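Enquirer: Pasting in a structure now, in structure tokens, and then I'll have a few things to ask.
The values are calculated or read from the model by the stated rules, or taken from the named source; none is laboratory data. Please read these numbers as outputs of a predicted model, since none were measured by experiment. A quick note on method: Cβ atoms are made from the backbone with ideal geometry, for glycine too, and the neighbour counts reach across all protein chains shown.
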Amino acid sequence: MLFNSVPFLLFLPLFFAAYFATRGTARLVVCLAGSYLFYGWWDWRFLGLIALSTGIDYVVGLKIAGAEAQRAKKAWLTLSLVSNLGLLAVFKYFNFFLDSVYRATGFFGFSESPAFLAVILPVGISFYTFQTLSYSIDLYRGSIEAERNLLRFATYVAFFPQLVAGPIVRASLLLPQLRRDHPFLWSGFLLGLGQVLLGYVKKVAVADSLAPFVDRVFDAPEAFTPLSVLIGVVFYAFQIYCDFSGYSDIAIGLARMLGYDFGVNFDTPYFSKSFSEFWTRWHISLSSWLRDYLYIPLGGNRGGTLATYRNLMVTMLLGGLWHGASWNFVFWGFLHGLYLVVQRLLGPGFGRLVERLRLPGAVAGGFQVAAVFALTCFAWIFFRSPTFSTSVEVITRIASIDRLSLADVQLKVVVLKGSLLIGVLVVAELWSKTVVLPSLVLERPVARTLAFASALWVIFLFGTFDGGQFIYFQF
């Protein structure tokens, strides 16, 4: 069930009514049943996978909590890791690795076609797998207590706002909130509704308006002028940001309307002055997961310079692979790992250069933001392209620019509309960094009404209602 679909808009008020009409165990039943209906609407057969992951990690949690020997705790944690990552490997990576082996052995004369599995990637499997894994790992580390109520644990795994595309909400944050009833609070409901409307503006008005131009450019870059291809790349940077942060806003807003706090998943990442800052602002729940459960266990920055560079590269390579079974995603992760390493190498020298030239902070900061955004866009080329050869074609087309004339731009009306929406978005995000919008808008009835009406006007005026799914559903 998509957030931007008619079935969801019919489902939501019924869920809200049942949720606030119940208490205690009955409310958990409503949450779990509603979440399974939400997920099963797409394909009911994959409800078994969620139930299986839930059952395994529930039992693992009890066993880890009850084990006295460290060896026994480690054995149960291993079971959780093998089972969850095994399911992920089969459904998401089996054909990818099989094809990679087939291509590699082709160099040695082996040409027998591999037996690919005809499997459909279950929506959200990467998200709820990481969520259940964090529960088992945190239990093993002793940072949380085991959840003994199966109904509550199943609700934690399947809670519908964040089920299929995040944010990845850890047990330490969500389980304590599920242990108590949340009364209806008008202030929280309005705050959540405002964030939901913001998410819809980002998704249907901005991201879905940019999508047709982006799709045409990446489907056939050779058919577009170099400047048009460059615009397509920039448009994609904002499309994926508005698509994914829009989903996060809707999910976080829905949770807030119900009385839950999911935290923050995006924080104006394109204003980052470094790549380390970028990854504290982009998909925060995933980047912090990779930091806490991969980068730090690998040694983080504790083993010396070369070990730190290795750990950064491994973390980002696996972060790229998490996004999908494609070497394009792996190379995207490699680029971001490289960016982080180069930043550590050149960062101190850049700081000394700024001091020597006595550059104003705004000038140095503006250069850094522009450089980070440009290199991020370059990496997005590999992330978006269907094949590596398409990525090369896109880069080649852009590199052949000999003039920056608007006369060379194709589909000018579409580009003008997209540029206008991006401009409004950038101004709004700059404003949000200096003004506390909730207290300014949502606490004032007239301003709140105008803000909500304006959001709805933008959605219906600029929105694209073609039922397009969110980009991160494929991950």
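Enquirer: Among the residues of the stretch 127-162, how many are small (Gly, Ala, Ser) and part of a helix (DSSP H, G or I)?
Expert: 4
Enquirer: Where residues in the stretch 66-101 are modelled with pLDDT of 90 or more and of a type in the set (Ser, Thr, Tyr), which of them is surrounded by the most Cβ atoms within 10 Å (Cβ to Cβ)?
Expert: Top of the filtered list is Ser80.
Enquirer: For the stretch 350-363, does any single residue satisfy the condition of being crowded, with 18+ Cβ neighbours inside 10 Å and either over 28 Å from Gln131 (Cα atoms) or among the hydroxyl-bearing types (Ser, Thr, Tyr) (or both)?
Expert: No, the stretch 350-363 contains no residue that is crowded, with 18+ Cβ neighbours inside 10 Å and either over 28 Å from Gln131 (Cα atoms) or among the hydroxyl-bearing types (Ser, Thr, Tyr) (or both).
Enquirer: Restrict the check to the stretch 123-132 and report whether at least one residue is touching a residue at least 12 places away in the same chain (Cβ under 8 Å), surrounded by fewer than 24 Cβ atoms within 10 Å (Cβ to Cβ), farther than 22 Å from Asp243 by Cβ and in contact with a Phe, Trp or Tyr (Cβ under 7 Å, 6 or more places away or on another chain).
Expert: Within the stretch 123-132, none of the residues are touching a residue at least 12 places away in the same chain (Cβ under 8 Å), surrounded by fewer than 24 Cβ atoms within 10 Å (Cβ to Cβ), farther than 22 Å from Asp243 by Cβ and in contact with a Phe, Trp or Tyr (Cβ under 7 Å, 6 or more places away or on another chain).
Enquirer: Please report, ordered by residue number, the helices (runs of 4 or more DSSP H) entirely within the stretch 238-323 with at least 1 residues that are of a type in the set (A, V, I, L, M), touching a helix residue (DSSP H, G or I) at 6+ places or on another chain (Cβ under 7 Å) and in the same structural domain as Lys202 (by TED's automatic domain parsing).
Expert: In the stretch 238-323, the matching helices (runs of 4 or more DSSP H) lie at 284-290, 305-323.
Enquirer: Shifting gears a bit: It is to be established whether one or more residues within the stretch 169-182 are in contact with a helix residue (DSSP H, G or I) (Cβ under 6 Å, 6 or more places away or on another chain), closer than 30 Å to Tyr58 by Cα, outside any helix (DSSP H, G or I) and of a type in the set (A, V, I, L, M).
Expert: Checking the stretch 169-182: at least one residue is in contact with a helix residue (DSSP H, G or I) (Cβ under 6 Å, 6 or more places away or on another chain), closer than 30 Å to Tyr58 by Cα, outside any helix (DSSP H, G or I) and of a type in the set (A, V, I, L, M).
Enquirer: For the stretch 374-394, does any single residue satisfy the condition of being of a type in the set (A, V, I, L, M), touching a Pro at 6+ places or on another chain (Cβ under 9 Å) and closer than 17 Å to Tyr236 by Cβ?
Expert: yes
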